[in-house]
Every structure is written in structure tokens, then in C-alpha cells.
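See below for the structure under consideration.
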Amino acid sequence: CATRETLRIGDAIEDMLERSFDVFQDDNAERRKQVEAMDDEVDQLHDGVKLYLARLMREELDDDESSRAIEILSFATNLEHIGDIIDKNLKELAAKKKRAKAVFSEEGLQELGSIHVEVKGNLQRAIHVFMTGDAQLARELLAQKTSIREKERLSIERHFERLGRGTAQSIDSSSLHLDILRDLKRINSHITSVAYPILERAGD
């Protein structure tokens, strides 16, 4: 039951992550409200899973059951943290972009979009790893942490190159671009954390 409820959290986070990038592109206030409502739902689901598992863990569980309970709680908590980043950080950055009437350069938007797509794919992989406990998939997911970090570094370099060329859109949206990169990397870090307990069991 706790696993199933955690999957509901994962579905909500996937939807929030999808909508978060739409908000940056169309400055839609209604979408921002939808993201906020979904984060409230995630918080409620997380509280339910947390309290349920806390009651279970006061009972006599065997080692495998205790380990699984901790894994479920850890993944649910990381998903809840992602919801907070999307709601508190990315949503606020979208509002800041609207207030400043800033526009991303075409290159900058493509870079952010590429990383956003990869992070969404990693979330789907993480949910699959959470359900199956597949060690090889966990290794592949963890490798994505390095991949995202490298893409972030390259995007920062290219962004500074555009600033050096005097690209007006890059100058106007500079802090937004860098903050979004930071938050996408933080989200990915929470996503990939599901791999650690599985790899520990596998002896990695």
C-alpha cells in the first residue's frame, strides 16, 4: 500500500515537472496555480505514507521489511523535496521572468529544454528502479547524475559565451538561466538517490 501511494506521489511529481517548463514558456498564471495545488497534494500524500510507515516500523518487522520501509520512506521524501523545489523555486523563477519581461535566447531555451527532458526521463527510470530493485538499472540511473552535471557545466559555458557576444536575451535572462540549471541539477540529485540502497544490497 505504501509503495502504491508513493507511486501516486511520483505521478504527481512527473506532472508538476512537465508543467513547470510550460510555465516558463507561456507565463501562464493558471499553470502556476495548478503546480501549487499539486504540491499541496504531494505534501498530503507524503505525510500519509510517512505516518503509516512510522506506525508499521513500531511493530515487529523482519530485516527485509524494515529495509523496504526505509527505502519507501526515503524515495517518498525525495519526491516531496522535488515538489518543493518545483513549487517554491521554479514557480517563483517563472513569476520573476514574467515581471522582468525577460526572454530566453533560442539557444539557451533549447539547452534548458534538453536538460529538462533528460531529468524527466530520469524520474521515469527512478520509479522503475524503485519498483523493480534492478541493480543494473540503478547503475544506469546513477550514471545520469554525472551526465546532468556535465550538461549543466556545458550550458553555463555556452551561456557565458553568449554574454560575451552581447546577446541581449542572454543578458536579460542570465540569472534565471543559471538558477534553473541549478534547480534542475538539484531535482536530478533527489531522483537518482533511489539507486543507492539498491546498489548497496548488490555490493556496489
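The values are calculated or read from the model by the stated rules, or taken from the named source; none is laboratory data. Because the structure is a prediction, the values reported are computed rather than measured. Neighbour counts are summed over all protein chains in view; Cβ atoms, including those assigned to glycine, are modelled from backbone coordinates with ideal geometry. Ligands, DNA and RNA are excluded from the accessible area calculation, which covers all protein heavy atoms including side chains. Shrake-Rupley method; radii C 1.70, N 1.55, O 1.52, S 1.80 Å.
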Practice problem: Identify all residues within region 170-197 that are farther than 11 Å from H159 by Cβ and open to solvent by 10 Å² or more (accessible area, probe 1.4 Å); write none if there are none. | Solution: D172, D179, R182, K185, R186, S189, H190, S193, V194, Y196, P197
Quiz item: Among (1) within 19 Å of S174 (Cα to Cα); (2) out of contact with any Ser or Thr (no Cβ under 6 Å at 6 or more places or on another chain); (3) open to solvent by less than 20 Å² (accessible area, probe 1.4 Å), which single condition is A100 missing?
Solution: (3)
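Of the residues in region 48-92, how many are touching an Asp or Glu at 6+ places or on another chain (Cβ under 6 Å) and more than 23 Å from I9 (Cβ to Cβ)?
First pass over region 48-92, keeping only residues touching an Asp or Glu at 6+ places or on another chain (Cβ under 6 Å): 49, 83, 85, 87, 89-90.
From the residues that got through so far, the ones that are more than 23 Å from I9 (Cβ to Cβ) too are none.
The number of residues fulfilling the criteria is 0.
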Quiz prompt | Condition broken by D43, with the remaining ones in (1) of a type in the set (D, E, K, R); (2) surrounded by 14 or more Cβ atoms within 10 Å (Cβ to Cβ); (3) not in a helix (DSSP H, G or I) satisfied | solution = (3)
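Considering only region 109-124, I want to know if a residue exists there that is within 14 Å of S175 (Cα to Cα), in contact with a helix residue (DSSP H, G or I) (Cβ under 8 Å, 6 or more places away or on another chain) and either open to solvent by 40 Å² or more (accessible area, probe 1.4 Å) or modelled with pLDDT of 90 or more (or both).
Scanning region 109-124 turns up at least one residue that is within 14 Å of S175 (Cα to Cα), in contact with a helix residue (DSSP H, G or I) (Cβ under 8 Å, 6 or more places away or on another chain) and either open to solvent by 40 Å² or more (accessible area, probe 1.4 Å) or modelled with pLDDT of 90 or more (or both).
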Exercise. Take region 62-82 and flag every residue that is among the β-branched types (V, I, T), surrounded by 20 or more Cβ atoms within 10 Å (Cβ to Cβ) and farther than 15 Å from M131 by Cβ.
Key: I82
